[in-house]
Amino acid sequence: GLQLAYDSLLRGTPGISHRQKVRDKFLNIVDVPPVDGADIMTTLDVKMQDFAEKALMNQMKEIDAINGVVLLMEVATGDVKAIVNLSKCSDGKYRERTNIAVSNMMEPGSVFKPMSFLVAFNDGKLKITDRVDCVGGQKMMYGRKMKDHNWHRGGYGILTASECLEYSSNIGVSTFIDKIYHNNPEKFVDGIYRIGIAEDLQLDIPGYSPPLIRRPRQDKTGKHWANWYNTALPWMSIGYETQVPPISVVNFYNGIANNGKMMRPRFVTAAMRNGEIIQEFPPRVIREKMASPSAIK
């Protein structure tokens with residue numbers, strides 16, 4: 001996608017000339033000289049890219065996967081060091097067809113759970129030592145059954161908030177978030193936007209789609225949520241009810257690793273012509289602080 005995104009730099013500009021007869025000969029007279037296209041310096045590391053592609057290919061063959069993505073991002077700068085997208089084709093072979101990493105709008109699932117807890121930590125409504133009963137791995141929540149992955153083995157009993165993340169407990173996370181925000185889901189969704197996961201990264205890569213995370217809206221009376229239902233919050237808290245491309249997920253965790261400073265993913269550092277830099281693309285900060293230092297920690 002970089003070739004299309006930076007076409008104006010890579011293509012250069014054609015010159016203008018005219019033919020003129022001089023002493024019975026026609027000569028090409030240059031009016032405006034052409035300008036050579038520039039080179040772009042990408043952030044990609046060829047060795048990392050090659051290693052990532054081979055590793056993904058081997059794993060996809062082993063589990064007979066349909067689509068697969070690998071993204072490697074440098075913490076301090078947001079530089080994308082490797083980006084691999086593989087899809088299984090009709091002949092059974094794996095090829096890079098589309099930029100799944102930036103365009104695939106999917107429900108993120110369990111990787112969303114720390115995002116939900118970060119909101120609650122930041123609001124001061126949850127501590128890592130708080131405890132919850134996971135009631136044997138199955139719990140009815142507003143007419144729908146919430147299950148943990150080990151429900152058929154009896155599930156979990158009492159878990160701390162920290163253990164809810166360690167074991168990726170659907171019941172634990174959704175129970176905490178519903179208890180805290182059930183009467184004010186707008187506060188939770190506002191928090192999700194505040195930590196940066198819903199941010200439009202404004203990527204130049206063709207096909208990029210920003211996250212879609214809907215907000216609750218009150219009806220005309222101001223007493224009820226017009227587009228909301230009781231199960232929306234519990235299921236949103238564990239990664240459903242939302243659509244987030246893979247690059248937004250890795251960008252969130254990159255910000256956590258960067259002590260709460262969220263960087264914009266960077267693919268190109270500079271444009272060069274004849275060995276000289278003509279344009280630089282420095283790292284850009286999206287959020288100086290995604291949340292409080294204690295919540296990030």
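The values are calculated or read from the model by the stated rules, or taken from the named source; none is laboratory data. This one's a predicted model, so the numbers in the text were calculated from it and none came from an experiment. Quick reminder, even Gly has a Cβ in these numbers, built from the backbone with ideal geometry, and neighbours come from all protein chains shown. Areas reflect the complete protein model, heavy atoms only, side chains present, ligands, DNA and RNA absent. Shrake-Rupley method; radii C 1.70, N 1.55, O 1.52, S 1.80 Å.
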Query - Wholly enclosed strands (runs of 3 or more DSSP E) of the range 1-61 bearing at least 2 residues under 24 Å from P282 (Cβ atoms) and hydrophobic (A, V, I, L, M, F, W, C) - result: 39-42
Query raised in the report: Which residues, taken from the range 62-84, are in a strand (DSSP E or B), open to solvent by 40 Å² or more (accessible area, probe 1.4 Å) and within 20 Å of N254 (Cα to Cα)?
Result: V69, L72, K81
**Report entry** strands (runs of 3 or more DSSP E) lying entirely in the range 221-288 (those with 2 or more residues that are in contact (Cβ under 8 Å) with a residue 60 or more places away in the chain and under 18 Å from G191 (Cβ atoms))
**Finding:** 285-287
Query raised in the report: Is it fair to say R284 is within 18 Å of the chain's Cα centre (by Cα), under 29 Å from K145 (Cα atoms) and open to solvent by 50 Å² or more (accessible area, probe 1.4 Å)?
Result: no
Report task. Evaluate the range 89-98: report whether one residue or more is buried (at least 20 other Cβ atoms within 10 Å of the Cβ), among the small types (G, A, S) and not in a helix (DSSP H, G or I). Result -> no
Query - Residue ID - nearest to the chain's Cα centre (by Cα), chosen from residues in the range 176-197 that are open to solvent by less than 10 Å² (accessible area, probe 1.4 Å) and among the β-branched types (V, I, T) - result: I197
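Just to be sure before I move on: is G207 surrounded by fewer than 17 Cβ atoms within 10 Å (Cβ to Cβ), in contact (Cβ under 8 Å) with a residue 60 or more places away in the chain and over 21 Å from A161 (Cα atoms) in the structure I sent? If you could, list the steps in order and put the result at the bottom.
Details: surrounded by fewer than 17 Cβ atoms within 10 Å (Cβ to Cβ): yes; in contact (Cβ under 8 Å) with a residue 60 or more places away in the chain: yes; over 21 Å from A161 (Cα atoms): yes.
Criteria met by G207.
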Requested in this report: Return only the number of the condition from (1) open to solvent by less than 50 Å² (accessible area, probe 1.4 Å); (2) in contact (Cβ under 8 Å) with a residue 60 or more places away in the chain; (3) assigned to a helix (DSSP H, G or I) that S294 does not satisfy.
Outcome: (1)
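Of the residues K139, K125, K113, only one is at pLDDT 95 or above, open to solvent by 70 Å² or more (accessible area, probe 1.4 Å), of a type in the set (K, R) and in contact with a helix residue (DSSP H, G or I) (Cβ under 7 Å, 6 or more places away or on another chain); which?
Working: K139 fails: open to solvent by 70 Å² or more (accessible area, probe 1.4 Å); K113 fails: open to solvent by 70 Å² or more (accessible area, probe 1.4 Å).
The conditions single out K125.
From the list G191, G196, G222, G260, exactly one residue is modelled with pLDDT under 95 and not charged (D, E, K, R). Which is it? It would help to see each step written out before you state the result.
Working: G191 fails: modelled with pLDDT under 95; G196 fails: modelled with pLDDT under 95; G260 fails: modelled with pLDDT under 95.
When all the criteria are applied, what remains is G222.
Only one of G124, G136, G172 is in contact with a Cys (Cβ under 6 Å, 6 or more places away or on another chain), among the small types (G, A, S) and not in a strand (DSSP E or B). Can you tell me which? Steps first, please.
Details: G124 fails: in contact with a Cys (Cβ under 6 Å, 6 or more places away or on another chain); G136 fails: in contact with a Cys (Cβ under 6 Å, 6 or more places away or on another chain).
None of the others qualify; the one that does is G172.
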Report task. Quick one: P246 ticks every box in (1) surrounded by 17 or more Cβ atoms within 10 Å (Cβ to Cβ); (2) at pLDDT 95 or above; (3) closer than 30 Å to V35 by Cα except a single one, so which number is it? Result -> (3)
Query raised in the report: Based on what the data block shows, is L9 under 40 Å from the mean Cα position of the chain (by Cα) and either aromatic (F, W, Y) or more than 20 Å from I83 (Cα to Cα) (or both)?
Result: yes
